[in-house]
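Below: one structure, written as structure tokens.
The values are calculated or read from the model by the stated rules, or taken from the named source; none is laboratory data. These figures come from a predicted structure and were not determined experimentally. No Cβ is skipped: glycine too gets one built from the backbone with ideal geometry, and neighbour counts run over all protein chains shown.
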Amino acid sequence: MKILIIGSGGREHALAWKISQSSRLEKLYCAPGNAGTMSIAENVPLGASDIQGLSDFASNEKIDLTVVGPELPLILGIVDEFEKKGLKIFGPDKNAAELEGSKVFAKQFMERHKIPTAKFKVAESLEQAMEILKSEEFYFPLVVKADGPAAGKGAIVCRNLKRAEEAVNLIMVEKKFSDSGKRVVIEEFLTGKEASFIVISDGVKVLPFVTTMDHKPVFDEDRGPNTGGMGAISPSPFIDKELFHEIVKTIVFPTITRMLEEGRKIKGVLYVGLMLTEQGPKVLEYNCRFGDPETQPQMLRMESDLVDVLLASVEENILEKEIQWSHQPAACVVIASGGYPIKYEKGKKIEGMEEAAKFPGVFVFHAGTEFKDGEYYTSGGRVLGVCASEKTLEETMDKIYKAISRIYFEAMHWRRDIGAGGEEE
Ligand code: AMP
Ligand code: GLY
């Protein structure tokens, strides 16, 4: 098969790495890809949201399967466009992708169907938002969220009224996330452990992936602003078998089924961002694509052929398939550019990657990297995902951190506490 992966992050490099091992693969393309995908796929210079360009490319090259990494093309309707042309593509259509594309839609959907989530109010205007904040309906801290896509940075936890007003201003007046800030969701702050619960669906049935725990805040001990994710471990140490089944029964199935009833078939990924609270698991957010960095440790643990799994969703025959996973834990630590997630410089020369990859069992997935004149340079906020999978989480983390000590670029930073406490449960 000729397969095209859309995107350029660590997630896409990990997907490309796994797909490159498929017995079904004939040729792999990645658009636009990065310096890591370049070594296993042919990078195509088309942006991930260039829907016209990508569908023309897929038609001309007779691509048998396209796999979409990021959410934006899905929200913009790339699946609808490909299907119109009779091209096979993994992911939900525009209608179903609204579950990720609009927080207001997602919250109202959960309210309609009694799917556990944080208490919330929607504000359609600045005045309404300020009124809600002053109404004392919510205790502080509370969370202010931009309605639309904001690259994982649109949820702002606010300690007091002043901070909340600033957050609303940032989203609705300064339009930090452009049109995504036309409406805001104001919601109750939940406490507990977070988990990323990811399944593949064909619209009716699901194939669960192994659980993961992401680490969103930029600094150790969960300090600093939220990022797209600074590291992930799999499995989540806080989800046992019983809780796993409870999540499937009370959240995953109702979501898939109710969406189908509303005429929105979730084909592709359903990623449920959860807070494991004392009252049980509650939904923080829905995504309709794979997680990043979560996909990186997940691909290390997947024993099945990923292409078979993706096709089961596209061809709507999930019943016949089951995913095999390694029992060993896996983890990823993200190395980011200095200043990320706020302001950062690009174009720094990256050294020591070959040394790091020499540790047996260490995988260095690329994210914001580019290759110029025989050297690697940074080209984004999250630059590399250093991953491993060993017998225990402790050994896995030890190996990853040793490998990281060989890598250098100016102002690089990473969290030193990914997976900490994970062995205790
Ligand atoms: P979201 O974009 O909605 O997933 O939010 C991003 C991150 O913000 C989550 O992964 C949590 O760390 C945090 N967050 C979002 N909503 C809440 C909430 N209601 N209570 C506590 N933390 C939250
Ligand atoms: N790591 C968080 C996400 O993929 O949304």
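A few notes on this one:
- VAL199 satisfies every condition listed in (1) in a helix (DSSP H, G or I); (2) touching a helix residue (DSSP H, G or I) at 6+ places or on another chain (Cβ under 7 Å); (3) within 29 Å of VAL314 (Cβ to Cβ); (4) aliphatic (A, V, I, L, M) except (1).
- Exactly one residue out of LYS343, LYS348, LYS282 is in contact with a Phe, Trp or Tyr (Cβ under 6 Å, 6 or more places away or on another chain) and surrounded by fewer than 24 Cβ atoms within 10 Å (Cβ to Cβ): that is LYS348.
- Annotation: of all residues in segment 160-190 being among the β-branched types (Val, Ile, Thr) and either in a helix (DSSP H, G or I) or at pLDDT below 95 (or both), the one that is farthest from ligand 2 (Cβ to nearest atom) is VAL173.
- Number of positions in segment 275-325 that are assigned to a loop (DSSP other than H, G, I, E, B) and more than 16 Å from ligand 2 (Cβ to nearest atom): 12
- Cβ separations smaller than 9 Å between residues 6+ apart or across chains give the following pairs from segment 62-87 residues that are free of Cβ contacts under 8 Å to residues at least 12 places away in the same chain to residues that are hydroxyl-bearing (Ser, Thr, Tyr): LYS84/SER55; GLY86/SER59.
- Here segment 404-425 is the region considered, the condition is being at pLDDT 95 or above and within 24 Å of the chain's Cα centre (by Cα), and the residue that is surrounded by the most Cβ atoms within 10 Å (Cβ to Cβ) is ILE418.
- Set GLU188, GLU131: member being within 13 Å of ligand 1 (Cβ to nearest atom) and among the acidic types (Asp, Glu): GLU188
Results for (1) at pLDDT below 95; (2) closer than 22 Å to LEU15 by Cα, shown as yes or no for each residue.
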{"residue": "PRO341", "(1), (2)": "yes, no"}
{"residue": "GLY347", "(1), (2)": "no, no"}
{"residue": "GLY361", "(1), (2)": "yes, yes"}
{"residue": "HIS366", "(1), (2)": "no, yes"}
{"residue": "THR392", "(1), (2)": "no, no"}
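- Listed by position, the helices (runs of 4 or more DSSP H) contained in segment 1-115 that have at least 3 residues being of a type outside the set (A, V, I, L, M) are 10-19, 51-60, 78-84, 94-101, 103-112.
- For segment 218-234, taking the residues that are surrounded by fewer than 17 Cβ atoms within 10 Å (Cβ to Cβ) and not aromatic (Phe, Trp, Tyr), the one that is modelled with the highest pLDDT is identified as ASP220.
- Residues of segment 195-217 that turn out to be over 12 Å from the mean Cα position of the chain (by Cα) and at pLDDT below 95, as a count: 1
- Hey, ARG223 more than 12 Å from ligand 1 (Cβ to nearest atom), closer than 27 Å to GLU395 by Cα and basic (Lys, Arg) or not: yes
- Breaking point among (1) away from ligand 2 (no atom under 16 Å from the Cβ); (2) outside any loop (DSSP other than H, G, I, E, B), for VAL218: (1)
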